[in-house]
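Report on the structure given below.
The values are calculated or read from the model by the stated rules, or taken from the named source; none is laboratory data. Quantities reported herein were computed from a predicted structural model and do not represent experimental measurements. Backbone-built Cβ (ideal geometry, glycine too); neighbour counts: all protein chains shown. To get the accessible areas, we keep the full protein, side chains included, count just its heavy atoms, and leave off ligands, DNA and RNA. Shrake-Rupley method; radii C 1.70, N 1.55, O 1.52, S 1.80 Å.
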Amino acid sequence: MKTIIFISIAIATAFSSCKKNDVTKQNSDITTKINAYPKEPLSAAEILSLKWMREEEKLAHDVYITLFNKWGVNIFTNIASSEQTHTNAVLTLLNKYELTDPVGTNTVGVFNDTTLQNLYTQLVAQGSTSLLDAYKVGATIEDLDIFDLNNWITKVDNQDIKFVYQNLTKGSRNHMRSFYGQIISSGGTYSAQFISQAELDSIINSPKETGSWE
């Protein structure tokens, strides 16, 4: 029995190490791609968008980590990992343009922007009511993310920022598909709150997108 337990622990440790290495490599590859684009002058809208999206992606990560701790369902920790990659990508842009990071050393659930701080508190409360409500909170976050990214993309022209925002939007569409599927499987419904219902229908009725960060 001790041998079996030891082998199981060794396999789990090896898997965790491989997964961590994969994430580290992905983040490194993304940073390389971002920095390969020219460093262009920033507009006021681009600066504002970078600071906002840095914290909004952290919001998604923090809510999902908190809901995973509440419900223990892997969809939250899996998507939180993706959101960490997203917020890291925005941080790369902030560093590239020598802008102050609004996140700094803030821990999970702590935000510089008061609107996002209040939204975090509200979403965690909603998602703690039931697992179905937690899935709906996930869909709400991705709904807002897509809406904001769609808006920012029309206001930025730097190639590296567009590259990041387009990939963040693609990731959010895939996350929406995942959460929406869980909502339906749990007997619930979800209607668009920020993007149009037509855009939501288009997302959920199309297959998962591949080839991110290209």
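Taking every alpha-carbon pair under 8 Å whose residues sit at least 6 apart, the stretch 61-185 reaches a relative contact order of 24 percent. When the C-alpha to C-alpha distance is required to be over 19 Å, the pairs from Lys70/Lys208; Lys25/Lys155; Lys170/Lys208; Lys58/Lys208; Lys33/Lys58; Lys51/Lys208 that qualify are Lys70/Lys208; Lys25/Lys155; Lys58/Lys208; Lys33/Lys58; Lys51/Lys208.
Each of Thr114 and Thr154 was given a label point 7 Å from its Cα along the Cα-to-Cβ line. The distance between the two points is 2.9 nm. Ranked by the mean number of other Cβ atoms within 10 Å per residue, highest first, peptides 201-210, 72-81 order as 72-81, 201-210. Membrane-span-like helices in the chain, defined purely by DSSP H runs whose alpha carbon atoms cover 15 Å or more axially and whose average Kyte-Doolittle hydropathy reaches 0.0, are 2-36, 131-153. Label separation (Thr107 vs Glu214): 4.1 nm, computed from points 7 Å beyond Cα along the C-beta direction. Just add up the charged neighbours of Val108: K/R +1, D/E -1, any other residue whose Cβ is under 14 Å from the Cβ of Val108. Computed value for this residue: -2.
Measuring only protein heavy atoms, the 1.4 Å probe finds Arg173 accessible over about 60 Å².
Normalised by the number of residues in the chain, the average gap of Cα pairs under 8 Å and 6 or more apart makes the relative contact order 21 percent. Each of the peptides 175-183, 98-106, 59-67 was scored by the mean count of other Cβ atoms within 10 Å over its residues; in descending order, highest first, they stand as 59-67, 175-183, 98-106. The helix-based estimate of mean residue ellipticity at 222 nm for the chain, built from -39,500 (n - 2.57) per DSSP H run of four or more residues and divided by its residue count, is -26000 deg cm²/dmol to the nearest 500.
Each label was represented as a point 7 Å from its Cα along the Cα-to-Cβ direction; for Ala45 and Asn78 these points are 3.6 nm apart.
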